Amino acid sequence: MNMTVTSKKVQVGQSFTDYANKKLSKKLDRFFGENAEAKLTVSSIRDEIVVELTVKHQSLIFRAEKQAAEKNEALDACVDKIIRQIRKNKTKVEKRLHDSAFDDSYSELEPEYAEDSYSVDRTKRLVLTPMTVDEAILQMNLLGHNFYMFKNGDTGEVNLVYKRNGGGRAVIEVSKG
């Protein structure tokens, strides 16, 4: 697994990088193999350490973010959360993961949710009106939602504005791929 470690407002020593590399190799290599990419971001918010782990394999993206007093604790929690995500969606993702991902230690485990498909409770249709990002944020706040989809008046593209967990807002711009 290829790992990239990034730090923001906190020092990350070689010992933590070695620990993270060992932990990811031990726990996640059986699922993803060597061609997966792991991005580890360590930052400090107030008196706590925040570790964000993103693992990309083929077209699958697994992401976990945890806060703790120590970097190692937060990393362990992130790895456990990604393993739970894999177990939860075992039947859907096992075809795309490494062949030996669900070997003896995981073969007897049942997925946490045995649903074979996701159910859609409601379908909403909306008219995308051209507006600026500021107008979209205002509309999102007026509706009391955590996100709002709109047509960007400047670019003519569909965008999504949302509230971030740590505070603030962000915009997702769609690009054709």
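For this structure, a couple of remarks:
- For residue 56, the lysines whose Cα comes closer than 20 Å to its Cα, not counting residues fewer than 8 places off in the same chain, are 22, 23, 26, 27, 39, 66, 81, 88, 90, 92, 95, 176.
- Phi-based couplings in Hz for the range 5-20 (Karplus 6.51, -1.76, 1.60; Gly and Pro marked x): 10, 10, 10, 10, 6, 8, 8, 10, x, 5, 5, 5, 4, 5, 4, 5
- In plain terms, the chain from residue 25 to residue 37 could stretch by 3.2 nm, reckoned as 0.36 nm per residue minus the Cα-Cα distance.
- Residue ranking by accessible heavy-atom surface, 1.4 Å probe, largest first, among 137, 172, 82 comes out as 172, 137, 82.
- Cα→Cβ-extended label distance, 7 Å offset, between residue 58 and residue 18, nm: 3.5 nm
- What separates the Cα centres of the range 3-59 and the range 124-177 is a distance of 30 Å.
- Note that the range 146-153 has calculated 3J(HN,Hα) couplings of 9, 8, 8, 9, 8, 9, 5, x Hz, one per residue in order, obtained from phi through the Karplus relation 6.51 cos²θ - 1.76 cosθ + 1.60 (θ = phi - 60°); glycine and proline are x.
The values are calculated or read from the model by the stated rules, or taken from the named source; none is laboratory data. Predicted model only: the values in this text are computed from it and were never measured. Cβ sites come from the backbone with ideal geometry, for glycine too, and all protein chains shown count toward neighbours. Just so you know, the surface numbers come from the protein's heavy atoms only, side chains and all, with ligands and any DNA or RNA stripped out. Shrake-Rupley method; radii C 1.70, N 1.55, O 1.52, S 1.80 Å.
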